[in-house]
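Participant: One structure, as structure tokens, below. Some questions next.
The values are calculated or read from the model by the stated rules, or taken from the named source; none is laboratory data. Because the structure is a prediction, the values reported are computed rather than measured. Neighbour counts run over all protein chains shown; Cβ positions are idealised from the backbone, glycine included. Keep in mind that these areas ignore ligands, DNA and RNA; they rest on the heavy atoms of the full protein, side chains included. Shrake-Rupley method; radii C 1.70, N 1.55, O 1.52, S 1.80 Å.
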Amino acid sequence: MMRRNYLVVLVLVLMTSTFCKKEKEFLPFEFIMGTDVYTPSNMGMPDKGEKYQDPNFLTTCQRITEKADGYSGPGIENEYARCDPENANGTRLILRGNDGTYYLYNRETCEMIGQITAFSECNWEEPEPRWDKTDPNIFYYLCNTQLRSYNISTGNSTTIHDFKDEFSLASSITTNVEGDASLDRRYWAFIVQDSNYNFISLIVYDRVLDSIIGQKSTGFPDEFNWCSIDMSGSHCILGYESINYVQVFSLDLSTSINLPAGSNAHGDLALTSSGEDVFVYQNTATDHISMADLNTGTEVQLVPIPFDVNIDIGLHISGNCAETPGWVLVSTYGSYNLPSGSSHSWMDCQLFMLELKANPRIWRIAHTQSYTSRDYTGEKNYFAEAFASINTTGTRIYWGSNWRNYTMDYTDAYVVLLEDNWVSKMPAQ
């Protein structure tokens, strides 16, 4: 009898401990604002699907992927900071394996639905998938010289336009991954290339009219690094390989202005609280995160980057959150052990929201638990840069983390689940 009672108690203890593991108690949420230094925790890597609370900033996070999902290659995460991986109703995700293979995931259950095999038809290696603004079943992608749409409910691809019709020598169209269409998916900018990746033309395409409304082949100051359309569909923006400024063109590519010196660095397009189109970027000339108005080129310095504390700070900007205008997400990266003379700054290896105005509010979101190398001089894991992306509604943030596992090219995907209506709840300045 005593043996039986012991077994019953043991089972109850195990059941209770399992229940407690699944139902972790979180501290009450509060906004952590400003630029105080917080040391990242050394908490262990969470299990797939497990929610956890960032110990310093009290936000709720969740691990989405694991190798057992069946993705090929060494890791997986969102494609890049500038594009929203989430569909129109927030139920599906497109994630990119670090070997270049793309997968569809159920956002709510964290389960892999499968590889997106439609991309295997295309010779150009980056399909640059972009979700439709309103239809949760549709995304657009690039396939050689074609702009296509894909229906995830039927598995059917449709060619929207083949630019081979206008450019007989063309082999591919691209934004070089860092571009996006207008928010309504009407206007698109593409670099047209031949089979040797030589530049043929820059074009702006109107999907509603199914026609090229801007075309320019000469007169650029440098080779392209990327091209994009802003959210409102008012401008075409160009980043270059060598010169230190970004150019902003009219949609017909007939007129342009230069953004300030230092603007040609990591950045993204965004909307101010009043709905103005801006480019938010790391200004390499002034060492500030700054923004520039796309109509006038006027720059506003937002926050200094503390390179005087740590020289090993890299940044990505995500301005996708059109439904919470006036804010961008900043993600930062670097090595775990810093170069001599440096110490970790307030913004190291972190996610934070930055207000788009002079003297902005800064909302601290989470530490990424991701480092590009163990030591400053070590081999860099590019994918551990996190390049976090906020979704269009401003409710979820996606990023890749190696969680202090320095296996080359390893990351898994994570998400921060933000408070509903956080803009209205945030403390005033």
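Participant: Carbon and sulfur together cover what percent of the accessible area of the range 52-93 at a 1.4 Å probe radius?
Facilitator: Result for the range 52-93: 45 percent of the exposed heavy-atom area is carbon or sulfur.
Participant: Against the 2.2 N^0.38 Å scaling, with N counting residues, where does the range 252-377 land? I'd like the Cα-based Rg ratio to two decimal places.
Facilitator: Output field value: 1.11.
Participant: I've got another one for you. How far apart, in nanometres, would the label points at N151 and S340 be if each is projected 7 angstrom from Cα along the Cα-to-Cβ direction?
Facilitator: 6.5
Participant: Something else about it: List the aspartates and glutamates whose Cα lies under 17 Å from the Cα of K164, skipping any in the same chain that are fewer than 8 positions away.
Facilitator: Straight-distance partners of K164: E121, D194, D206, D210.
Participant: Output the peptides 371-378, 116-123 sorted from most to least packed, where packing is the average of other Cβ atoms within 10 Å over each peptide's residues.
Facilitator: Listed from highest to lowest mean packing, they are 371-378, 116-123.
Participant: With θ set to phi - 60° and the Karplus curve 6.51 cos²θ - 1.76 cosθ + 1.60, what are the ³J(HN,Hα) couplings of the range 211-219 in order, to the nearest whole Hz, using x for Gly and Pro?
Facilitator: 8, 7, 9, x, 8, 8, 10, 9, x
Participant: Under the rule of at least 5 residues apart or a separate chain, name every residue whose amide H is placed under 5 Å from the amide H of L302.
Facilitator: Amide H to amide H, under 5 Å and 5 or more residues apart or across chains, L302 pairs with I289, S290, M291.
Participant: Between Rg and the Kirkwood Rh of the range 168-289, both from Cα atoms, what is the Rg to Rh ratio?
Facilitator: Rounded to two decimals, Rg over Rh is 0.96.
Participant: Using alpha carbon coordinates only, what is the Rg to Rh ratio of the range 305-428, with Rh defined as the Kirkwood radius?
Facilitator: Taking Rh as the inverse mean 1/r over Cα pairs, Rg/Rh reads 0.99.
Participant: Moving on to the next point. In terms of solvent-accessible area of protein heavy atoms at a 1.4 angstrom probe, what is the ranking of T174, T392, T154, T134, highest value first?
Facilitator: Result of the area sort, largest leading: T134, T154, T392, T174.
Participant: Over all pairs of distinct alpha carbons, what does the Kirkwood formula give as the hydrodynamic radius of the range 126-166, in Å?
Facilitator: 10.5
Participant: In whole Hz, with x marking every Gly and Pro, tabulate ³J(HN,Hα) for the range 109-119 from phi via Karplus 6.51 cos²θ - 1.76 cosθ + 1.60, θ = phi - 60°.
Facilitator: Calculated HN-Hα couplings, in order: 9, 6, 8, 6, 8, x, 6, 8, 7, 4, 5 Hz.
Participant: Rounded to the nearest Å, what's the spacing between the alpha carbon centres of the range 400-416 and the range 115-187? Just the number, please.
Facilitator: That distance is 28 Å.
Participant: Considering only protein heavy atoms, what per residue accessible area in square angstrom results for the chain with a 1.4 angstrom probe?
Facilitator: Each residue of the chain exposes 42 Å² on average to a 1.4 Å probe.
Participant: Apply 1/(1 + (r/R0)^6) to the Cβ-Cβ distance of N106 and D47, taking R0 = 22 Å, and write down the FRET efficiency to the nearest 0.05.
Facilitator: 0.80
Participant: How much accessible surface does T109 have with a 1.4 Å probe, in Å² rounded to 10?
Facilitator: Only protein atoms counted, so the area is about 80 Å².
Participant: Can you tell me what percent of all Cα-Cα pairs in the chain are more than 42 Å apart?
Facilitator: Percent of Cα pairs beyond 42 Å in the chain: 14.
Participant: Need the full-extension length gain, F307 to S424, defined as separation in residues times 0.36 nm minus the C-alpha distance. One decimal, nm.
Facilitator: 38.9 nm
Participant: Cα atoms only, the range 271-333: Rg and Dmax in Å?
Facilitator: Using the Cα atoms of the range 271-333, the pair Rg, Dmax is 12.3, 35 Å.
Participant: What is the gain in length, in nm to one decimal, between S234 and K357 on full extension, counting 0.36 nm per residue of separation less the C-alpha to C-alpha distance?
Facilitator: In short, 42.1 nm is gained.
Participant: May I ask you to order 356-367, 208-219 by the average number of other C-beta atoms within 10 Å around their residues, highest value first?
Facilitator: In descending order of packing, they fall as 356-367, 208-219.
Participant: Taking 0.36 nm per residue of separation and subtracting the Cα-Cα distance, what length does fully extending L27 through Q215 add?
Facilitator: Extra length available between L27 and Q215 comes to 62.1 nm.
Participant: Something else: Roughly how many nanometres apart are two label points built 7 Å out from the Cα toward the Cβ at N198 and K164?
Facilitator: So the label points at N198 and K164 sit 2.0 nm apart.
Participant: Using 7 Å Cα-to-Cβ label points, what is the R404/A68 separation (nm, one decimal)?
Facilitator: Computed distance between label sites R404 and A68 equals 2.3 nm.
Participant: Given 10 °C and 1.306 mPa s, how large is the Stokes-Einstein diffusion coefficient of the range 357-429 in µm²/s, with Rh as the Kirkwood radius over Cα pairs?
Facilitator: For the chosen part, D equals 113 µm²/s.
Participant: Next question, about the same structure. Given H placed 1.01 Å from N in the peptide plane, which residues other than close sequence neighbours of R92 have an amide H under 5 Å from its amide H?
Facilitator: Answer set, sorted by chain and number: N87, R107.
Participant: Taking amide hydrogens as modeled 1.01 Å from N in the peptide plane, which residues meet the under 5 Å criterion relative to W131, leaving out close sequence neighbours?
Facilitator: When sequence neighbours closer than 5 places are left aside, the close amide H contacts are Y140.
Participant: Cα convex hull of the range 51-141: how many Å³ per residue?
Facilitator: In the range 51-141, the Cα hull volume divided by residue count equals 120 Å³.
Participant: Can you compute the helix-only [θ] at 222 nm over the chain? Use -39500 (n - 2.57) per DSSP H run of at least 4 residues, normalise by all residues, nearest 500 deg cm²/dmol.
Facilitator: My calculation for the chain gives -2000 deg cm²/dmol from helical runs alone.
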